[in-house]
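The values are calculated or read from the model by the stated rules, or taken from the named source; none is laboratory data. Here the structure is a predicted model, which is why all the values come from computation and not from measurement. Neighbour counts run over all protein chains shown; Cβ positions are idealised from the backbone, glycine included. Keep in mind that these areas ignore ligands, DNA and RNA; they rest on the heavy atoms of the full protein, side chains included. Shrake-Rupley method; radii C 1.70, N 1.55, O 1.52, S 1.80 Å.
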Amino acid sequence: MLFMSNRIKTLLLGVACTSLLGSTLGCVSSAAPEQASYSNPYATKDVGTLPPIASLTDGVWLKGDLHVHSRHSKESTNNPVAKIIAFSTAVGMDYICITDHDNHVNGDVANNTWADPDFKSDSVLLLYGAEWTTTRGHGNPFSAKPYDHQRLYDVRDQRDTVVGAVKKELGVHLSANHPSGKDHFGYSYDILESIEVWNSVLWSKNANAIMIWDDMLSSGRKLTGRGGSDAHHGVPDTPEQATENSKQATANYVGTPTTWVFATARTAEAVIEALTNGRVSISNNPYAPRVEFFADLDQDGKQDMMMGDNANSTGKPVKFRVQLTGNSVLGASYTINVVKNGNKFGTYQATGTTPIVEFTDTPEMLGRSYYRVVVEGPPTDYPEVPNSMQLSENMVGLSNPIFFNFDPNF
């Protein structure tokens, strides 16, 4: 039998030791062992002085569609290049990228889509691209001039490092298409400049793409979010040309959704540059109001940043401004949902001819912060694609983020 006089309990510096009859049976430490010389090389640190922010006034808003298929994609119907360009002109598009499946021509896009005699326009900027269609997913390269797409097609089954090297040599902007689902993007996101966060008129199908985008942003990757209708089918010229897919043309066609870029000039090069820099917003059709997102760093009433821009945090409050420019629905109320670092930050209501919402927050002094907005409200009429409004439901548009303390060398 053990007696209390034979049991001695001691507590010293978080260590509990039990001695029985003079014999120590066990000691348990409540403190983790220290790593005296260890320093995490990837710990949050000051990113230093960031490059100056470009002008917020020296530029022009251009709208277009970055994912459209013509007759050079085998499953496309009633959608020749001439029809796509004529329609784009009629609805006021400034640029378009016809992205036919490269595997349908064994990678030889240059002698198919780009060589089509109707691949020309005096009013719409034509970007060069294709849908990079692989067993590991789909992506769109974008370029202001012809490039050797065959090389990208040929490395589709190689390791990501090889693909990334070829893409860099070609000098193209590479974007993930519909990154979740059957044809998800299965390559490294480190070889990309953008991600298709809004594919087709069906906004509800993009929830997982938005989740992936927020994951990438939260981890420090400054990826632009962009849209693309992924339209394959045009309205048949005669009843005899109709197919079972023809009804899609009245619901999902060029501009559902529309991607806006704030470009320094009306050139293809400037469109690609703006897309890369993230000065981009997306609206549900060409006539819907454009989402514009700004930040006033010192609250002097003058906007200092816009979506896509990256600045050092001062540790002081910043006033943000969301503005809907264009054809807002008369008397309508719009819901502005603000997302900060992937989480819901706040919800606001905006009305008027030019609906505006302002809010204030303090980005972290050390460490990354980003803010983006999603706008919901009544749909804007799109008479040329009459069945699109009900399918996009109450989704109006979204912005790219405003960034703080993102490392440009990440």
Between the Cα axis of helix 160-170 and the main Cα principal axis of the chain, the angle (0 to 90°, nearest 10) is 40 degrees
Tell me, what ³J(HN,Hα) does each residue in region 83-100 have, in order and in whole Hz, if you take phi through Karplus 6.51 cos²θ - 1.76 cosθ + 1.60 with θ = phi - 60° and put x for Gly and Pro?
-> 5, 4, 5, 5, 5, 4, 5, 5, 9, x, 5, 8, 8, 8, 10, 7, 10, 6
Whole-Å distance, taken between Cα centres, linking region 45-97 and region 262-313 | 14 Å
Residues whose placed amide H lies under 5 Å from that of HIS67, excluding near-sequence neighbours = CYS97, SER229, ASP230
Put a dot 7 Å past each Cα toward the Cβ at GLN299 and LEU202; how far apart are the dots in nm?
-> 4.6 nm
Where a ≥ b ≥ c are the square roots of the eigenvalues of the C-alpha gyration tensor, would you call region 199-280 rounded, which needs a/c under 1.5, or, failing that, prolate if a/b is larger than b/c, or oblate?
-> oblate
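Ordered by packing density, taken as the mean number of other Cβ atoms within 10 Å over each peptide's residues, highest first, how do 62-72, 229-239, 125-135 rank?
Numbers: 62-72: 25.0, 229-239: 18.1, 125-135: 22.8.
Order by mean packing, descending: 62-72, 125-135, 229-239.
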Convert each backbone phi in region 191-199 into a coupling constant with the Karplus relation 6.51 cos²θ - 1.76 cosθ + 1.60 (shift: θ = phi - 60°), then list the ³J(HN,Hα) values in order as whole Hz, x for Gly and Pro.
-> 9, 10, 10, 8, 9, 7, 8, 9, 10
Of the DSSP beta bridges with both residues in the chain, give the percent that are antiparallel, rounding to the nearest 5.
-> 80 percent
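Report relative contact order for the chain in percent, whole number only (criteria: Cα-Cα under 8 Å, sequence separation at least 6). Kindly include the intermediate steps, with their values, before the conclusion.
Values: 962 pairs, mean separation 59.1, N = 410.
Relative contact order, the chain: 14 percent.
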Give the percent of DSSP beta bridges with both residues in region 115-226 that are antiparallel, rounded to the nearest 5.
-> 65 percent
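With a ≥ b ≥ c the root eigenvalues of the C-alpha gyration tensor of region 252-358, is it rounded (a/c under 1.5), prolate (a/b larger than b/c) or oblate?
Details: a/c = 1.80, a/b = 1.13, b/c = 1.60.
Oblate, since a/c reaches 1.5 and b/c is not below a/b.
Counting only protein heavy atoms and using a 1.4 Å probe, what share of the accessible area of the chain belongs to carbon plus sulfur, as a whole percent? Display every interim value, and only then the final one.
Numbers: 9970 of 19140 Å².
Roughly 52 percent, rounded to a whole number.
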222 nm [θ] for the chain, helices only, -39500 (n - 2.57) per DSSP H run of 4+, per residue, to 500?
-> -3500 deg cm²/dmol
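Relative contact order, percent, of region 47-202 when contacts are C-alpha pairs under 8 Å separated by at least 6 residues?
Details: 258 pairs, mean separation 26.1, N = 156.
Relative CO of region 47-202 lands at 17 percent.
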Please identify, among SER55, SER204, SER88, the residue showing maximal mean-square fluctuation in a Gaussian network model of the chain using a 10 angstrom Cα cutoff.
-> SER55
State whether region 194-234 is rounded, prolate or oblate according to the following rule on the C-alpha gyration tensor (a ≥ b ≥ c being the square roots of its eigenvalues): a/c under 1.5 gives rounded; otherwise a/b larger than b/c gives prolate, and the remaining case gives oblate.
-> oblate
Looking at region 348-410, which GluC sites (Glu not before Pro) are DSSP coil and have at most 16 other C-beta atoms within 10 Å of their C-beta?
-> GLU364, GLU393
State the antiparallel share, in %, of DSSP beta bridges confined to region 161-305, rounding to the nearest 5.
-> 40 percent
Report the charge-dipole magnitude of the chain in Debye, nearest 20, computed about the Cα centre from +1 at each Lys and Arg Cβ and -1 at each Asp and Glu Cβ.
-> 1280 debye
Roll a 1.4 Å probe over the protein chains and send me the accessible area per residue for region 338-388 in Å².
-> 47 Å²
